[in-house]
1. Condition (residue is farther than 19 Å from residue 239 by Cα and in contact with a strand residue (DSSP E or B) (Cβ under 9 Å, 6 or more places away or on another chain)) applied to region 160-172: is it met by at least one residue?
2. Of the residues that make up region 12-22, is at least one in a loop (DSSP other than H, G, I, E, B), under 18 Å from the mean Cα position of the chain (by Cα) and under 23 Å from residue 221 (Cα atoms)?
3. Quick check on region 97-105. Is at least one of its residues buried (at least 21 other Cβ atoms within 10 Å of the Cβ), assigned by TED's automatic domain parsing to the domain that holds residue 11 and free of Cβ contacts under 8 Å to residues at least 60 places away in the same chain?
4. Looking at (1) out of contact with any Asp or Glu (no Cβ under 8 Å at 6 or more places or on another chain); (2) among the hydrophobic types (A, V, I, L, M, F, W, C); (3) surrounded by 13 or more Cβ atoms within 10 Å (Cβ to Cβ), which is the only condition residue 162 fails?
5. Do we have residue 67 as more than 30 Å from residue 235 (Cα to Cα) and either buried (at least 21 other Cβ atoms within 10 Å of the Cβ) or modelled with pLDDT of 95 or more (or both) here?
6. State all residues of region 117-157 that are in contact (Cβ under 8 Å) with a residue 24 or more places away in the chain and charged (D, E, K, R); if no residue qualifies, say none.
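The values are calculated or read from the model by the stated rules, or taken from the named source; none is laboratory data. Quick caveat, the model's predicted, so the values are computed rather than measured. Using ideal geometry, Cβ is built from the backbone for each residue, glycine included, and neighbour counts are taken over all protein chains shown.
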Amino acid sequence: MITTVGISSSGEMGHRVAKVLIDHDMPVIGCLEGRSERSQKRARAAGIESVANLNDVVQQADLFLSILPPVHALEMARKIAATGENVTYVDCNAVSPHTAIEIGDTLSNCGIDFIDAGIIGPPPTKQGVTRFYASGEHVDKFVLLSQYGLDIRILGNEIGQASGFKMCYASQTKGRYAIFIESLVAAYRLDCYHQLIDELKLSQHTIYTDIKNTVPDIPAKSNRWIVEMEEIAESFGAVGMTREIFYGVADMYRAITGVHLSEPNNLNLEELIAHLAKEMK
C-alpha cells in the first residue's frame with residue numbers, strides 16, 4: 001500500500017509527474033530547501049507538500065521517485081541510502097544499465113528496495129503522452145501508482161532492462177538531432193546549405209519537417225543531453241557496440257552548449273545554423 005510519494009525535485013518533469021499523482025489523490029512531498037524560486041513556484045503550483053529535509057521525505061513516504069538530470073542520479077541514491085530509512089526507491093533517470101545496477105547496489109546494501117525505471121515522452125501535461133517503463137523484482141510496488149494516473153509498463157525482473165530500454169529509445173529520439181545539426185552546420189560552412197535544405201524538402205520532406213520544427217529548440221536542451229549521450233555510449237559499448245558514435249553526439253551537444261544564445265532563443269532554423277556555423281568550435 002502506498003499512502004505518500006516522495007519526489008527528488010520539482011523540475012519540469014518532476015513537478016508534472018507530481019501533479020498527476022496529486023490530481024488523483026496521492027499526496028506528494030519533497031524538500032524544497034535550497035531550490036530556486038522557479039522550482040519552489042512550480043512545486044507549489046503542483047501541490048507538492050514541502051518538508052524540512054530529505055530525511056523527512058523518506059521517513060514519511062512509502063515510495064520515492066528520483067527524477068533528476070542523470071549526472072545527479074547516483075549522488076541522490078547515496079543520499080537516500082545514508083538516511084537509513086526503509087523506502088522503495090524508483091530511479092526514473094536517463095542512466096545506463098551499469099549506472100542503474102550501481103544505484104541498485106548502493107540502495108540494496110542499505111536494505112532499500114530498488115526499481116529501475118525510465119520515462120518515455122514529455123512531461124505529462126495531458127493523458128496518454130508519458131509512459132514509465134520499469135524493471136526489477138520489486139516492480140509491483142511501483143505499478144500501484146497506475147491507480148493514480150501514471151502509465152506504468154513492466155519490462156521484467158532484471159535491473160538494467162528499463163534503463164537499457166531508455167538508452168536505446170533516447171539514442172534515436174535525441175541522438176539524431178546532433179547528426180542533423182552537424183550536417184547543416186557543415187553545409188553552411190561548405191556554402192551548400194540552401195541547396196541541402198531544398199533537396200531535403202524534395203526527397204526527405206518528413207525529415208525536413210522534423211528538422212525545421214525541432215532543431216531550433218535543441219540548444220535549450222543540449223546541456224542536459226551531454227551526460228545522457230555518454231551514458232548511451234557506455235550502454236552500447238557494454239554489449240559490444242561502438243562507444244564512439246554517441247561520445248561524438250555528446251561532443252556535438254557540448255559544442256552547441258558552448259555557443260552563447262539569448263534567452264529565450266527565438267532564432268529560426270537558418271538563423272540558428274548560421275549562428276552556430278560562425279561561433280561553434
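1. Filtering region 160-172 for residues farther than 19 Å from residue 239 by Cα gives none.
No: region 160-172 contains no residue that is farther than 19 Å from residue 239 by Cα and in contact with a strand residue (DSSP E or B) (Cβ under 9 Å, 6 or more places away or on another chain).
2. no
3. Initial filter on region 97-105 (buried (at least 21 other Cβ atoms within 10 Å of the Cβ)): 97, 99-100, 103-104.
Within this subset, residues satisfying the condition of being assigned by TED's automatic domain parsing to the domain that holds residue 11 are 97, 99-100, 103-104.
If we keep only those that are free of Cβ contacts under 8 Å to residues at least 60 places away in the same chain as well, we get 103-104.
Among the residues of region 97-105, at least one is buried (at least 21 other Cβ atoms within 10 Å of the Cβ), assigned by TED's automatic domain parsing to the domain that holds residue 11 and free of Cβ contacts under 8 Å to residues at least 60 places away in the same chain, which makes the answer yes.
4. So residue 162 meets the others, but not (1).
5. Numbers: more than 30 Å from residue 235 (Cα to Cα): no; either buried (at least 21 other Cβ atoms within 10 Å of the Cβ) or modelled with pLDDT of 95 or more (or both): yes.
Spelling it out, it is not the case that residue 67 is more than 30 Å from residue 235 (Cα to Cα) and either buried (at least 21 other Cβ atoms within 10 Å of the Cβ) or modelled with pLDDT of 95 or more (or both).
6. 141
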